[in-house]
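Okay, structure first, notes after.
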Amino acid sequence: MNNSVRNTARLIGACLRALLVLTVVCGVIYPLVVTGVAQAAFAGQANGSQVSSHGKVVGSSLIGQRYDKGKDKNGNPVPDLKFFQPRPSAGLGSNKANGVNTRYDLQVSGASNQGATNTDLIKAVKERKQWVATTYGVPEAKVPADAVTSSGSGLDPDISPAYAQLQADRIAKENHLPVGTVHELVERHTDARILGFMGEPRVNVLELNIALKDLVKGHTKS
């Protein structure tokens with residue numbers, strides 16, 4: 001009987017010591033080491049790939065955001081055409097406006113899972129294409145796909161160079177800037193394919209709009 005109690009006590013003691021050691025190693029030492037390495041070698045990525053403007057964090061280079069000037073009578077956001085607009089965000093989730101994520105909400109990231117024959121998707125794409133063509137004064141045939149469709153995550157921060165250049169003339173007019181200057185701005189902020197062959201050329205909308213804002217300030221002062 002005494003041997004059984006002593007064996008049980010030893011077993012419990014060993015388990016508690018193992019629990020303590022594993023808690024310290026896995027719950028304290030390992031996270032501190034990983035965090036330290038991440039901050040030392042990849043500080044930008046570890047902190048969320050933050051983008052700053054004049055010393056103030058204004059967003060992340062990995063997450064898209066809207067550029068609106070208010071809402072219409074139905075509560076829908078009204079795009080501010082002084083800035084480059086991102087691609088649509090229409091993933092999973094819900095809001096009071098229309099039942100899908102249209103505001104780059106991080107909590108409802110995801111695709112709508114609507115197929116190419118889905119009537120709601122077809123209607124939405126047609127409406128977006130008409131809006132883009134009318135707003136920027138181009139034929140509907142020249143509206144790029146990313147201007148009327150959302151990404152798989154609904155949070156894509158980039159647009160195609162074609163969509164950015166399509167918006168340039170209207171943005172130049174809205175900001176009283178030379179058209180050529182705005183087109184050059186887009187070219188300077190166009191990133192090539194990764195390693196020259198992976199993905200497609202892209203333009204980060206947040207970084208482009210930061211540069212546009214600085215350009216407008218400089219043009220106003222001059």
Identify all residues within region 148-161 that are farther than 19 Å from residue 207 by Cβ, surrounded by 18 or more Cβ atoms within 10 Å (Cβ to Cβ) and of a type outside the set (Ser, Thr, Tyr); write none if there are none.
148, 154
Identify, by number, the condition in (1) more than 16 Å from the chain's Cα centre (by Cα); (2) in contact (Cβ under 8 Å) with a residue 60 or more places away in the chain that residue 119 doesn't meet.
(2)
Of residues in region 166-222 being part of a helix (DSSP H, G or I) and hydroxyl-bearing (Ser, Thr, Tyr), the one farthest from residue 58 (Cα to Cα):
181
Mind listing whichever residues of region 148-175 are over 19 Å from residue 125 (Cα atoms), of a type outside the set (Val, Ile, Thr) and at pLDDT 95 or above?
161, 165, 168, 169, 170, 172, 173, 174, 175
Residues in region 164-185 that are over 23 Å from the mean Cα position of the chain (by Cα) and farther than 19 Å from residue 133 by Cβ: how many?
7
Is it true that residue 155 is hydrophobic (A, V, I, L, M, F, W, C) and touching a Phe, Trp or Tyr at 6+ places or on another chain (Cβ under 7 Å)?
yes
For residue 199, work out the one condition from (1) surrounded by 16 or more Cβ atoms within 10 Å (Cβ to Cβ); (2) within 22 Å of the chain's Cα centre (by Cα); (3) not acidic (Asp, Glu) it doesn't fulfil.
(1)
Being assigned by TED's automatic domain parsing to the domain that holds residue 105, closer than 18 Å to residue 79 by Cβ and either modelled with pLDDT of 95 or more or among the aromatic types (Phe, Trp, Tyr) (or both) is the requirement here; does residue 144 meet it?
yes
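The values are calculated or read from the model by the stated rules, or taken from the named source; none is laboratory data. Quick caveat, the model's predicted, so the values are computed rather than measured. Quick reminder, even Gly has a Cβ in these numbers, built from the backbone with ideal geometry, and neighbours come from all protein chains shown.
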